[in-house]
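Enquirer: Handing you a structure now.
The values are calculated or read from the model by the stated rules, or taken from the named source; none is laboratory data. Owing to the predicted nature of the structure, the values given are computational and were not obtained by experimental measurement. Cβ: placed from backbone, ideal geometry, glycine included. Neighbour counts: every protein chain shown.
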Amino acid sequence: MRGIVFTELLEMIEDKFGYELVDKLLQESDLPSGGIYTSIGKYDHAEMLTLVTKLSQKTQIPMPDLLRSYGQYMFVAFTRSYRHFVDRADSAFSLLSSVQHYIHVEVRKLYPDAELPHFIIDQPAENHLRMHYISERKLADFAYGLIEGCLLNYGEKATITKTNLVEDGSQVLFDIVKK
C-alpha cells in the first residue's frame, strides 16, 4: 500500500485520540517498517491492519467501525491530493462509477505497481448503484467509509447495504440507493 494510507491513518488517530496513542501504537507494534512512513513509500497492508487492530484494542471500538471512520477520513485526504478527480464528477454516483475505469487507470499511471481493489459497477436505476468489491486485502469496511465520504462530499444521502459475497470478505457487494 502507498504510504499516504499510513500517514493519513496516523494523522486521523492523532486528531481523534491524541499523539500519545499514536506513539504507543507505534512502540507496541512490531512493524517491519518501524512505523516510519513517507506518503510516497510502499508498505505491506498488514502493517495497517496491525495498527488498526491495536487501535481497536486500546479504544474498544470495533475494527469495522474504525475502518469505516478511516475511509471517511481518507476520502477527505484524497480530495486534497486528487481534487481533479472529484471536480470531474458532478455527483457521488458519477465519481464512484469512474473508480475502476478512470481513477484506478490514472493511479496506475503514477504508480504502476499499485495493488488496487477491483470494482464491477452497474447502475440499474438513476438512484441505485451497485459496486462489487474484489480484493485479497479484505478491506471492504475501509471502502464502505470511502463511499460514505464520497456521498458526504456531494451532500447526498443514500442507504448503503453491504453484503459479503464470500465469507472471508474478499468479495463484497455494496448496494447504494439514494434517498
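Enquirer: Tally time: how many residues in the range 124-172 are of a type in the set (D, E, K, R), without any contact (Cβ under 8 Å) to a residue 60 or more places away in the chain and touching a Lys or Arg at 6+ places or on another chain (Cβ under 9 Å)?
Expert: Of the residues in the range 124-172, 3 are of a type in the set (D, E, K, R), without any contact (Cβ under 8 Å) to a residue 60 or more places away in the chain and touching a Lys or Arg at 6+ places or on another chain (Cβ under 9 Å).
Enquirer: Further question: With (1) in contact with a helix residue (DSSP H, G or I) (Cβ under 6 Å, 6 or more places away or on another chain); (2) modelled with pLDDT of 95 or more as the list, and Phe85 as the residue in question, which single condition is left unmet?
Expert: (2)
Enquirer: Could we say that Asp30 is assigned by TED's automatic domain parsing to the domain that holds His128, surrounded by fewer than 19 Cβ atoms within 10 Å (Cβ to Cβ) and either among the acidic types (Asp, Glu) or in a loop (DSSP other than H, G, I, E, B) (or both) here?
Expert: Here the answer is no, as Asp30 does not meet what is asked.
Enquirer: Are there any pairs with C-beta distances below 6 angstrom linking a residue in the range 16-45 that is within 19 Å of Leu66 (Cβ to Cβ) to a residue that is outside any loop (DSSP other than H, G, I, E, B) and of a type in the set (Gly, Ala, Ser), with the two at least 6 apart or on different chains, and if so which?
Expert: Tyr37/Gly3
Enquirer: Now, a different point. Against the condition farther than 19 Å from Met131 by Cβ and either polar (S, T, N, Q) or in contact with a Cys (Cβ under 7 Å, 6 or more places away or on another chain) (or both), how does Ser69 come out, does it pass?
Expert: Yes: the conditions hold for Ser69.
Enquirer: Being part of a strand (DSSP E or B), crowded, with 16+ Cβ neighbours inside 10 Å and of a type in the set (D, E, K, R): is that true of Lys162 here?
Expert: Considered against the rule, which asks whether it is part of a strand (DSSP E or B), crowded, with 16+ Cβ neighbours inside 10 Å and of a type in the set (D, E, K, R), Lys162 comes out as yes.
Enquirer: Of everything in the range 37-80, what is acidic (Asp, Glu) and closer than 21 Å to Gly149 by Cα? Give them in sequence order.
Expert: Asp65
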